[in-house]
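Let me begin by presenting the structure, written as structure tokens, before commenting on it.
The values are calculated or read from the model by the stated rules, or taken from the named source; none is laboratory data. Treat the numbers as computed from the prediction; the structure is a model and nothing was measured. Quick reminder, even Gly has a Cβ in these numbers, built from the backbone with ideal geometry, and neighbours come from all protein chains shown. Side chains are part of the model used for accessible areas, which takes the heavy atoms of the whole protein and leaves out ligands, DNA and RNA. Shrake-Rupley method; radii C 1.70, N 1.55, O 1.52, S 1.80 Å.
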Amino acid sequence: MSAIEAKKLVKEFDDLRAVDEVSFTVNEGEIFGFLGPNGAGKTTTTRMITGVLKPDAGTATIEGIDVVQNPTRAKELIGIAPEEANAYLDLTARGNMNLAGEIYGVPGKKLRKKVNGLLDTFGLLGRADSKVKGFSKGMKQRLILAMALINDPGILFLDEPTAGLDVESQRLIKDRIRTLNRKGKTIFLTTHNIEEADRLCDRVAVINNGKIAAIDSPEKLKATIQSTQSVLVSFNKMNFDRARLEELTSVEEIEKEGDKLRLYGSHPENIIEEIVDFARKESVKLVSLNTTGPSLEETFTHLTKT
Amino acid sequence: MYSTSSLRKSLSIAKKDLRIYYGKGPVVIFGILLPFFFFFSFLIGRELPPLSLIAGLGGMAIWFTATSISPVIAPMETRTRTLERLVSMPLTVFEMLFGDILASMTMGITLSGIPIAIIAFILNLNLVDPLPFLLGLIFGSFCFSSIGILLSALPTDTPSDVMMLALLVKFPVVFVSGVFMPPDKLPGWAIIISDFSPLTYFVNLVRVSFGGSGQAWLNLGILVLFSTFFFLTAISLHTRTLPKRL
């Protein structure tokens, strides 16, 4: 049985079809990335899968339970960390955790233990009795994640969990995501951060204009756009005329990246041969030379350019 | 179905509301200060019979206090985006709104029960019908809290929008409900309107409970009907407008 299954989900707002027959499945224990530009339909889809919003058509199930027919039961199986840090600012971290625990029906004694354990895991135990209004964005985000885990859910929905955070908080949250996944939790990660998705996700779905543009592993998705393979090269001196590089027959496009040049073309092996000849003729030495496929970012741009 | 687990969830929501919203500006101004000064401006320089005084005070206190916290919760939760967190948890609209109403009722019963007891003591009035009075306090605060919740179904994230709407409803209702003078002394058109105001029946109930003439249980029954109507309408409207507030 799939952890999450969406079948032909549709949502319309006035004349706009925000989500158009979106279907996908998320397997037990995988980290599934959900990518898309702003307004593509990511949040609406996620809200429908999590039972927050009713779809106009289609179905969504969590562990086989229909979220429209039985939203309360479905919601008991998941934990959600929405994009905005929306804990109650006038309550303490412990107060927010207790509220979430009580709503999920975690019994009193177990709840106290669970709250302390989670606040400790996310580095907030020392501030457990401070009001959230004095917390930094990173602390609020960690609290939201801790609240999402209060019922020990098998499936976690994380919406932009590292957006706008400092490097330390980002690293802590990514480490926790990996740890949670190792412990068997299924993670549905909505993100704008392509690199994050590339590093964390087993599979990603790209949504554009309310429709799924592609679903696959990051590596397989990158392989779908072979035309953007490239060679990254650096020379010991850059005193030659760059126009001469552009004359190389295998090179379609050149981009400067810091002290390196990225040469695009569909046959990187031919580019390498030409670059070696070029270096010899220009009396410059090759410092480094790497062939690279398209990044997930390039794939994403390619898939969402329409 | 509403179960004990549902009640526990509603109580958690009520506890949260009381902790967060009790000290908020609009609640203090419209729930405590305004009825306090309103009552004194009505009292000073007038010779009122004790029964009219206690019924007027009781009616005004419960009306303003029970409708002070309930309209504020939904727009504030929309603005701070805590509403999305709540609806993403295993919590029904019924459980959530009933929790909000319980918080509002706590405020209504406390802040109207205490002044009624003080005035009764000062004026040496005896509570001759305590059971319908206590039930009236409970259903009155439930009914008026539901009206506040109903007004907050407006899909906005600005508390002042709802407060403005609430004031438009709150003041006219006070004037036609026998708070300042018995309904039979109102002009003809106002008597008709007063029949449709739940506050009229609460004010009557207080008057009867302290020895005035009338039927306590009939007034209580009508209050229960109004409570059911406003609560169910509030749930229906909130269910409809909730997606617009996310």
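Could you tell me whether any residue of region A:286-295 is open to solvent by less than 60 Å² (accessible area, probe 1.4 Å), in contact with a helix residue (DSSP H, G or I) (Cβ under 8 Å, 6 or more places away or on another chain) and under 30 Å from A:Ala18 (Cβ atoms)? Yes: region A:286-295 contains one or more residues that are open to solvent by less than 60 Å² (accessible area, probe 1.4 Å), in contact with a helix residue (DSSP H, G or I) (Cβ under 8 Å, 6 or more places away or on another chain) and under 30 Å from A:Ala18 (Cβ atoms).
Right, A:Glu12: of a type in the set (Asp, Glu), surrounded by fewer than 17 Cβ atoms within 10 Å (Cβ to Cβ), out of contact with any Lys or Arg (no Cβ under 9 Å at 6 or more places or on another chain) and not in a loop (DSSP other than H, G, I, E, B) or not?
On the way: of a type in the set (Asp, Glu): yes; surrounded by fewer than 17 Cβ atoms within 10 Å (Cβ to Cβ): yes; out of contact with any Lys or Arg (no Cβ under 9 Å at 6 or more places or on another chain): yes; not in a loop (DSSP other than H, G, I, E, B): yes.
In short, yes.
Screening B:Thr65 on (1) more than 23 Å from A:Gly101 (Cα to Cα); (2) open to solvent by 20 Å² or more (accessible area, probe 1.4 Å) shows it passes everything except condition (2).
Answer with yes or no whether A:Ser230 is among the polar types (S, T, N, Q) and in contact with a Phe, Trp or Tyr (Cβ under 7 Å, 6 or more places away or on another chain).
Numbers: among the polar types (S, T, N, Q): yes; in contact with a Phe, Trp or Tyr (Cβ under 7 Å, 6 or more places away or on another chain): yes.
Criteria met by A:Ser230.
Somewhere in region A:130-147, is a residue open to solvent by 40 Å² or more (accessible area, probe 1.4 Å), on the phi > 0 side of the Ramachandran plot and not basic (Lys, Arg)?
First pass over region A:130-147, keeping only residues open to solvent by 40 Å² or more (accessible area, probe 1.4 Å): A:131, A:133-134, A:136-137, A:140.
Subset that is on the phi > 0 side of the Ramachandran plot: none.
So far as region A:130-147 goes, no, none of its residues is open to solvent by 40 Å² or more (accessible area, probe 1.4 Å), on the phi > 0 side of the Ramachandran plot and not basic (Lys, Arg).
Does B:Val28 fit the bill of being within 16 Å of the chain's Cα centre (by Cα), away from every other protein chain (no Cβ under 14 Å), assigned to a helix (DSSP H, G or I) and over 30 Å from B:Val208 (Cβ atoms)? In short, yes. Restricting attention to region A:25-59, the residues that are more than 17 Å from A:Asn209 (Cα to Cα), hydrophobic (A, V, I, L, M, F, W, C) and within 14 Å of another protein chain (Cβ to nearest Cβ) total 3. Of the listed requirements (1) at pLDDT 85 or above; (2) within 21 Å of the chain's Cα centre (by Cα), A:Ser283 misses just one: (2). Filtering region A:203-218 to residues that are closer than 18 Å to A:Ile49 by Cβ and touching an Asp or Glu at 6+ places or on another chain (Cβ under 8 Å) leaves A:Arg203, A:Val204, A:Gly210, A:Lys211. Looking only at residues in region A:62-79 that are more than 22 Å from A:Ala128 (Cβ to Cβ) and open to solvent by less than 30 Å² (accessible area, probe 1.4 Å), the one that is nearest to the other protein chains (Cβ to nearest Cβ) is A:Lys75.
Region B:142-246 holds helices (runs of 4 or more DSSP H) entirely within its bounds, and those carrying 1 or more residues that are under 23 Å from B:Ser104 (Cα atoms) and either within 14 Å of another protein chain (Cβ to nearest Cβ) or open to solvent by 70 Å² or more (accessible area, probe 1.4 Å) (or both) map to B:159-176, B:216-241.
The rows are residues; the columns are (1) modelled with pLDDT of 90 or more; (2) within 14 Å of another protein chain (Cβ to nearest Cβ).
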residue	(1), (2)
B:Val72	no, yes
B:Met76	yes, yes
B:Leu86	yes, yes
B:Glu95	yes, yes
B:Met107	no, no
B:Leu135	yes, no
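Against the list (1) within 14 Å of chain A (Cβ to nearest Cβ); (2) not in a loop (DSSP other than H, G, I, E, B), the condition B:Pro90 fails is (2).
This table checks each residue for (1) touching a residue at least 60 places away in the same chain (Cβ under 8 Å); (2) within 14 Å of chain A (Cβ to nearest Cβ); (3) assigned to a helix (DSSP H, G or I).
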residue	(1), (2), (3)
B:Ser6	yes, yes, yes
B:Ile13	yes, yes, yes
B:Gly23	no, yes, no
B:Phe40	no, no, yes
B:Gly58	yes, no, yes
